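*Asks:* First the structure, which I've put down as structure tokens, then a few questions once you've had a look.
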Amino acid sequence: MNNHCQNKGLCVQDDEFRNPLEFICVCDRCFFGDLCQFTTSQYSISLDALIGQRIASHTPIYRQSISVQLYFTLIILFVIIGLSLNSITITLFSIRTKLRNAECSLYIMTSSGFGICSVSILCIKFISVIFRPEMVATQLGCASMEYLLKLFPTICDWLNAFVSLDRLWLIRTGAGMNKTPNKLAFKRRFLGSPAKILFIILLVLVSFLHDPIHRQSIIDPRFRNENRPWCVVKFDQQAIHVYNITINIIHYVGPFILNLISSLLILVYVSRSKSNAQKQSFHKILKEQFLAYKSWILSPLLLALFTVPRLIFALTFTCITSPDAWQSQLLLIGYFIGFLPQIGTLIIFILPSKTYKEELIKLFKRQ
């Protein structure tokens, strides 16, 4: 008996010889899909798994279901807003020379660039599933698209976290609280950024290399004429399976913890320093310093807040049995919320900062 079902699914057939393609797959626990090809037990959220089976291939968007049309509209909005806001951010740092040596400017510029890549690959993925499914029918197309869809957002998450971490370093060393900080120390810090950015990119790139190696494109033999491939990942070795779960958790939790701790420590350090120097009430100083450093405190808090839904849902709903289950809808919401930091670097880093916002206004007036 030829078992077309994936992940140890049970293939049930009426007559294997007369109608070999008439079968259904009874999936094992925590697996779902027509071929049992999907799972959320890897602590990873896949667009294919959550909405792939709702999409009719080679069908115009106006003939798709209402939910698919809504997702398509949302992704197009993500692309338009993401391209616009990130382009403005990159242009701001490129043209306004005053900001080129500002704290963490290279991190923010690089994050904006990868943000553009993130929303672009998300759009390409969704459009390919609807209009050009053959793009993921090959091993190369399947592996590369899914790899980039995980790589770009994760790099953005870590770059944004390092913005918070570097600002904490500036506060901790006293440079961030001086109006005229040591220019040599600041320059060394700035010059060290490219090396750290390259390190982050390479580290994330290498950490996900196991994914494309174990990716494969499969086609349901019952619908071979429709040419609807599924890009799935399958780990034959337990060690790789455990590593995949571990690295996914690290990439979810790591930036979240760095952003949350950085925002709290920045507030504590500046308030304690001023309180000791001026002998005033710590709570009064706390309020004053929050207003003075609100951009440095609010940015990591916003990043942590955007991570919370995806983090909670991905770590909680690890065993769903259908893409139509209510847990799947929450996972999908968390998935899209997770793209907000890649879209809104302008809102997260530029607008809360008095210096950045003033330069942004000057940029628009100049135009």
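*Asks:* Which of the numbered conditions does ILE24 fail, given that it passes all the others? Conditions: (1) of a type in the set (Val, Ile, Thr); (2) assigned to a loop (DSSP other than H, G, I, E, B); (3) free of Cβ contacts under 8 Å to residues at least 24 places away in the same chain.
*Replies:* Unmet condition: (2).
*Asks:* Here is a further query. Could you check how many residues of the stretch 62-73 are of a type in the set (A, V, I, L, M) and surrounded by fewer than 13 Cβ atoms within 10 Å (Cβ to Cβ)? If you could, list the steps in order and put the result at the bottom.
*Replies:* First, pick out the residues of the stretch 62-73 that are of a type in the set (A, V, I, L, M): 66, 68, 70.
Still in the list and also surrounded by fewer than 13 Cβ atoms within 10 Å (Cβ to Cβ): 66, 70.
So the answer is 2.
*Asks:* Would you confirm, using the coordinates I've provided, whether ILE348 is in a helix (DSSP H, G or I) and either open to solvent by 50 Å² or more (accessible area, probe 1.4 Å) or in contact with a Phe, Trp or Tyr (Cβ under 8 Å, 6 or more places away or on another chain) (or both)? Explain how you work it out, then say what you get.
*Replies:* Working: in a helix (DSSP H, G or I): yes; either open to solvent by 50 Å² or more (accessible area, probe 1.4 Å) or in contact with a Phe, Trp or Tyr (Cβ under 8 Å, 6 or more places away or on another chain) (or both): no.
Considered against the rule, which asks whether it is in a helix (DSSP H, G or I) and either open to solvent by 50 Å² or more (accessible area, probe 1.4 Å) or in contact with a Phe, Trp or Tyr (Cβ under 8 Å, 6 or more places away or on another chain) (or both), ILE348 comes out as no.
*Asks:* Filter the stretch 325-345 down to the residues that are out of contact with any helix residue (DSSP H, G or I) (no Cβ under 7 Å at 6 or more places or on another chain) and open to solvent by 80 Å² or more (accessible area, probe 1.4 Å) and list them by number.
*Replies:* Once the filter is applied, which keeps residues that are out of contact with any helix residue (DSSP H, G or I) (no Cβ under 7 Å at 6 or more places or on another chain) and open to solvent by 80 Å² or more (accessible area, probe 1.4 Å), the stretch 325-345 yields only TRP326.
*Asks:* Out of SER87, SER67, which single residue is in a helix (DSSP H, G or I) and closer than 30 Å to ALA195 by Cβ?
*Replies:* Residue meeting the stated conditions: SER87.
*Asks:* Hey, can you tell me all the residues within the stretch 277-304 that are at pLDDT 75 or above and surrounded by fewer than 16 Cβ atoms within 10 Å (Cβ to Cβ)?
*Replies:* Pass one, the stretch 277-304, residues at pLDDT 75 or above: 293-304.
Matches in the stretch 277-304: LYS294 only.
*Asks:* Which pairs do you get when a residue that is at negative phi, found in the stretch 103-116, comes within reach of a residue that is surrounded by fewer than 22 Cβ atoms within 10 Å (Cβ to Cβ) and of a type in the set (Ser, Thr, Tyr), reach meaning Cβ atoms under 6 angstrom, with the pair 6+ apart or on two chains?
*Replies:* Close Cβ pairs satisfying both conditions: LEU106/SER193.
*Asks:* Right, here's the next one. Looking only at residues in the stretch 27-52 that are aliphatic (A, V, I, L, M) and outside any helix (DSSP H, G or I), which one is farthest from LYS125 (Cα to Cα)? It would help to see each step written out before you state the result.
*Replies:* Keep residues of the stretch 27-52 that are aliphatic (A, V, I, L, M), which gives 35, 45, 47, 49-51.
Those still in the list that are outside any helix (DSSP H, G or I) too: 35, 45.
Numbers: LEU35: 21, ILE45: 14 Å.
Top of the filtered list is LEU35.
Residues are listed down the side, and each one gets a yes or a no for (1) under 24 Å from the mean Cα position of the chain (by Cα); (2) buried (at least 16 other Cβ atoms within 10 Å of the Cβ):
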{"position": "GLY9", "(1), (2)": "no, yes"}
{"position": "VAL12", "(1), (2)": "no, no"}
{"position": "GLN37", "(1), (2)": "yes, yes"}
{"position": "TYR43", "(1), (2)": "yes, yes"}
{"position": "ASP48", "(1), (2)": "yes, yes"}
{"position": "ARG54", "(1), (2)": "yes, no"}
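The values are calculated or read from the model by the stated rules, or taken from the named source; none is laboratory data. None of the values given here were measured: they were computed from a predicted structure. FYI the Cβ positions are ideal-geometry reconstructions off the backbone, even for glycines, and counts take in every protein chain you see. Ligands, DNA and RNA are stripped out before the accessible areas are found, and what is left, the full protein with its side chains, is counted by its heavy atoms. Shrake-Rupley method; radii C 1.70, N 1.55, O 1.52, S 1.80 Å.
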